[in-house]
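Quick notes on the structure that follows.
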Amino acid sequence: MSVHVAGRMKKTRTLLLIDESPDDTTLAALQLSRNSQDVRVEKVSDPITFAEHLSRGGFAAVITEYDLSWGNGIRVLEAVKARWPLCPVILFTADLKAEMLSEGLRLGLDGYLPKTSSGFLRLASTVFRLLDREAPLTPGTGEAQRFKKVMKGLATGIFSGTRASGILEANPAMARILGLAGPEALKGRNLADFIVTEEGREKWRAVLDKAQSLENAALTLSGGPGHNAWIRLTVWATEDPVSRDCIYEGMAEDVGGWMHAEEELSKREEALRKSNAELKQFSYIVSHDLHEPLQLVSRYAQLLLDRYGGKVDREADRFLYHLVDSAQRMQERIDSVLEYATLGAKGLKLVPVSFSGLVDEALENLKTLLEDTGARVTYEHLPTINADRSQMLQLFENLIGNALKFRGDNPVRVHITAAKQEDGWRFSVQDNGIGIEPAQQERIFGMFQRLHTKSEYPGTGIGLAICKKIVEQHNGKIWVESEPGKGARFLFVLPEKVSSEPMERAVEANG
């Protein structure tokens, strides 16, 4: 009986057995040889021997272990299918895993068996069943059975053919992708008839003329009336050594849904970008335009309080006091909105920033508050990173100032560290203050989110929102870890690294 052997017709069937275990190889070869008189097993345990067989051809099937010191069974599968796409490949391994099989089947794996007692007994029947079902894929020959039985239900389009005869076989999914009634409408057709762009047709001509394989080529196809399809095409091609005809198998993945989703997402991103720009401009204009009249209201309210305070009655004094206080608080809020809206409006000015020097500067700016509170701030192992220096200074001033503001009964202690990790440098600002309830730890990064009254702790409630915006503009993230009464630990990650300068220093106030 004649069978197809990697592009040639031979009576003796040569099987490549790829394994590095001598015992497993001997047992598998014995099982294969004892079940057929026309089988010759070639044992392969190193990449050089495998490469020689792959180049020379002449084998009917490949049985490979997954775990190899010089690669793995999936890479063997890829190499065989790229050179000899019609040759069956069986994965015979001790530790079959779902992800391994998923990748293998996607790449054209024909069979798999676990390397167990039962697997060894079933090995020969599995291999010979695959060999016997294969038919030569040449002009005028019969159908390839695996496309009828295995590929029929796949959502991925599968097709095969030759340069001389066009497409010989296709599954229903391939016809559906092209908007055709069924696979019969593809038979005898050249795929170039459906490719829209000249660049795409040029790629397909290279497949047919040079037996050149394709991997994940993006193409636009036009099938039925008014039907366009966007696909990702992979083709395995080889030249028949007898007829010199190009033989190919292809897989087409419909990516039209992804493209439409990506286009819609792009439109939404553009609309959001425009909306954010308009909102930023609006915030700036409103804040700027309100600034002057509000200052006028505040000044006149203060003049009234200075001139008539204590001269009318207590209720009038109370009204005037509230008027002054409200005008001042509104002024603070407008200033905060203006600061938030204009933060990074001109883009980031990224330069190498020494965070040790940066913290020194922040502490110098907070010197009076440090002395008033008797705080001690220490830091260690702070790197140099590409960042916007003015924004980073504001970030540390806000975080350290926050620790000084929300202090407990004990002397204030703040410790700053940085550690290198996979996604960048992680900074920590740890204090021993009043702490934060777990339920409030996300809320505090919102604008004007206060957990205490103004009489308890002054401020507008926008400082941490500014910190969050600064970190996110540097493609980083910020969060807090805290328990009430046990202080707070603010952490943020910055991805850009230039160099590091390990050092340890302490800055103390009041001795």
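The values are calculated or read from the model by the stated rules, or taken from the named source; none is laboratory data. In this text, all values refer to a predicted model and were calculated from it rather than measured experimentally. Note that we place each Cβ from the backbone using ideal geometry, even for glycine, and neighbour counts take in every protein chain shown. When the accessible area is computed, the model is the full protein with side chains, heavy atoms only, and any ligands, DNA or RNA have been set aside. Shrake-Rupley method; radii C 1.70, N 1.55, O 1.52, S 1.80 Å.
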Against the condition small (Gly, Ala, Ser) and modelled with pLDDT of 90 or more, how does Ser102 come out, does it pass? no
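Here are Ala185, Ala164, Ala175, Ala170: which of them is surrounded by 15 or more Cβ atoms within 10 Å (Cβ to Cβ), of a type in the set (A, V, I, L, M), more than 26 Å from Arg244 (Cα to Cα) and in contact with a Pro (Cβ under 7 Å, 6 or more places away or on another chain)?
Ala175
Kindly state which strands (runs of 3 or more DSSP E) lie completely within region 150-236 and contain at least 3 residues that are free of Cβ contacts under 8 Å to residues at least 24 places away in the same chain. Working first, answer last.
Details: elements: 157-162, 166-170, 214-222.
Where strands (runs of 3 or more DSSP E) fall fully within region 150-236 and carry at least 3 residues being free of Cβ contacts under 8 Å to residues at least 24 places away in the same chain, they are 214-222.
When you check Asp335 against the structure, is it more than 22 Å from Gln473 (Cα to Cα) and either over 34 Å from the mean Cα position of the chain (by Cα) or at pLDDT below 70 (or both), yes or no? It would help to see each step written out before you state the result.
Numbers: more than 22 Å from Gln473 (Cα to Cα): no; either over 34 Å from the mean Cα position of the chain (by Cα) or at pLDDT below 70 (or both): yes.
Spelling it out, it is not the case that Asp335 is more than 22 Å from Gln473 (Cα to Cα) and either over 34 Å from the mean Cα position of the chain (by Cα) or at pLDDT below 70 (or both).
Anything in region 99-134 that is basic (Lys, Arg) and more than 17 Å from Leu86 (Cβ to Cβ)? List them, or say none.
Step one: filter region 99-134 for residues basic (Lys, Arg), giving 106, 115, 122, 129, 133.
Correct list: Arg106, Lys115, Arg122.
Return the only residue of Ser69, Ser160 being modelled with pLDDT of 85 or more and under 23 Å from Leu233 (Cβ atoms). First the steps, then the outcome.
Details: Ser69 fails: under 23 Å from Leu233 (Cβ atoms).
Every option except Ser160 fails the conditions.
Mind checking which helices (runs of 4 or more DSSP H) fall wholly inside region 45-139 and carry at least 1 residues that are under 30 Å from Ala211 (Cβ atoms), in contact with a helix residue (DSSP H, G or I) (Cβ under 6 Å, 6 or more places away or on another chain) and among the charged types (D, E, K, R)? Before you say what the answer is, go through the steps one by one.
Working: elements: 47-56, 73-83, 98-106, 117-133.
Because the criterion is at least 1 residues that are under 30 Å from Ala211 (Cβ atoms), in contact with a helix residue (DSSP H, G or I) (Cβ under 6 Å, 6 or more places away or on another chain) and among the charged types (D, E, K, R), the helices (runs of 4 or more DSSP H) in region 45-139 that meet it are 73-83, 98-106, 117-133.
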Tell me which residues, restricted to region 27-47, are at pLDDT below 90 and out of contact with any strand residue (DSSP E or B) (no Cβ under 8 Å at 6 or more places or on another chain). Leu27, Leu30, Gln31, Arg34, Asn35, Gln37
I need the full set of residues from region 388-413 which are open to solvent by less than 30 Å² (accessible area, probe 1.4 Å) and either touching a Ser or Thr at 6+ places or on another chain (Cβ under 9 Å) or in a strand (DSSP E or B) (or both), in order please. Asp388, Leu404, Val412
Output yes when any residue across region 424-433 is surrounded by 14 or more Cβ atoms within 10 Å (Cβ to Cβ), outside any strand (DSSP E or B) and at pLDDT 85 or above, and no when none is. yes
Filter region 68-88 for residues that are touching a Phe, Trp or Tyr at 6+ places or on another chain (Cβ under 8 Å) and not hydrophobic (A, V, I, L, M, F, W, C) and give the result. Asn72, Gly73, Lys81, Pro85
